[in-house]
1. Which residues, taken from the stretch 186-205, are at pLDDT below 90 and open to solvent by less than 60 Å² (accessible area, probe 1.4 Å)?
2. Take the stretch 206-220 and flag every residue that is at pLDDT 90 or above, out of contact with any Leu (no Cβ under 8 Å at 6 or more places or on another chain) and open to solvent by 30 Å² or more (accessible area, probe 1.4 Å).
3. Which of the residues spanning the stretch 170-228 are among the small types (Gly, Ala, Ser), closer than 23 Å to residue 140 by Cβ and assigned to a loop (DSSP other than H, G, I, E, B)?
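The values are calculated or read from the model by the stated rules, or taken from the named source; none is laboratory data. This structure is a prediction, so every number in the text was calculated from the model and none was measured. Note that we place each Cβ from the backbone using ideal geometry, even for glycine, and neighbour counts take in every protein chain shown. Protein only, heavy atoms only, side chains kept; ligands, DNA and RNA dropped before computing areas. Shrake-Rupley method; radii C 1.70, N 1.55, O 1.52, S 1.80 Å.
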Amino acid sequence: MENFVKPQFFSFLREEAAAAVQRYSPHHKFMAHSGFGNQFAESTSSSADDVQDPEVSDSESSVVGSVHEERSSGLMRIDEGDKIYGIISNKFLSGLGCFGLSTEITAIHKETCSSFIKQAKLQSFLIFSKAVEKKCGGNANVKYAWFGASKDEINNIFSHGFSHSSNNGAYSQAICISPDDNSHDCLQAAVPDKNGVRHLLLCRVILGKTEVVHPGSGQCHPSSEEYDTGVDNLSSPRKYIVWSTHMNSYVFPEFMVSFRVSSHAKESQRNAVPVQNPKSPWITFPALISALSKFLPPQTVKLITKYHNDHKGRKITRRDLIQQVRKLAGDELLTAIIKSCKNKQQSKGSTGNSSSTSSINFEQRDGRCCACQKSC
């Protein structure tokens, strides 16, 4: 009997969780390392006491913290004049890149944790955060990240949590969420509702110690006890990878941003001036795949070929194709192959003109490696 956990231990956990929830408010402070910095924390200092009792009346809730609570969904609509609204909307729009100018935010909602079940989910997240913090020597590496889905799926996530249907195809045993400065990568998954409104979740995620996980690798858990989650790139990740076994413990959906992307944004993409052959080094995709087959495992080359075929079949965008190739092959190998191709072209006096095949080249801009290409 002495080997069983003593009842006092569970009492301790309950007390710790209750204390954590007591500190939590609808305007919870963004942690300094989350990417939003102290700006959000400063904006919440005046509303730190706005914790609402589930039994508070609707008339009372309508004036607390400039927020209107929607009882049916358990979400609060944040007023546009609230400083938190401005911080989140600016972060969201700046992460959209060129689409930011053509995007209109219609609403931002906040999870209230008004039910006992949702309070328990928050307690679980906080307990796991504390555990990972101790495991990692004092830093749980908690970040904010975006997740795109349909409105129905987002409603299910708020009600029941993430499910296997939320999984990304390239990481079948995990969910993928994008860093807080990269909302653009979630647009494709944000399916418009019947009113043409799209929705993204802004979640808190416990990353702990991360490792690189390649798409299509079939990995379904950390490679060792040393790691907690995965990323596509250690130095500048565009995806956080949380294993399905931990997705409802390490990810807490906190905000929902609803928005519209104007039709002229897509129209401008279609009517853009045709892209000319890039002046920097480039290579056709068939030639690239052939070159990569000399260095990468057959399974990886097969996956790259599949992505290329998906792009030709208009199943994925060109941006998605290039991102997947970079993740699978790595920028170092790609750069070496492209430069080698350029040297061969110059030695043969080639102009590098090939209008009928797709091509890829990389240029360094604003500290990021981006892809410029011809039309397929």
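1. Hits for the stretch 186-205 are 187, 189.
2. Within the stretch 206-220, 209 is the sole residue that qualifies.
3. Within the stretch 170-228, 208, 223, 224 meet the criteria.
Here is a yes/no grid of residues against (1) farther than 16 Å from residue 258 by Cβ; (2) aliphatic (A, V, I, L, M); (3) modelled with pLDDT of 95 or more:
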residue: 108; (1), (2), (3): no, yes, yes
residue: 115; (1), (2), (3): yes, no, no
residue: 142; (1), (2), (3): yes, yes, yes
residue: 159; (1), (2), (3): yes, no, no
residue: 171; (1), (2), (3): yes, no, no
residue: 175; (1), (2), (3): yes, yes, no
residue: 181; (1), (2), (3): yes, no, no
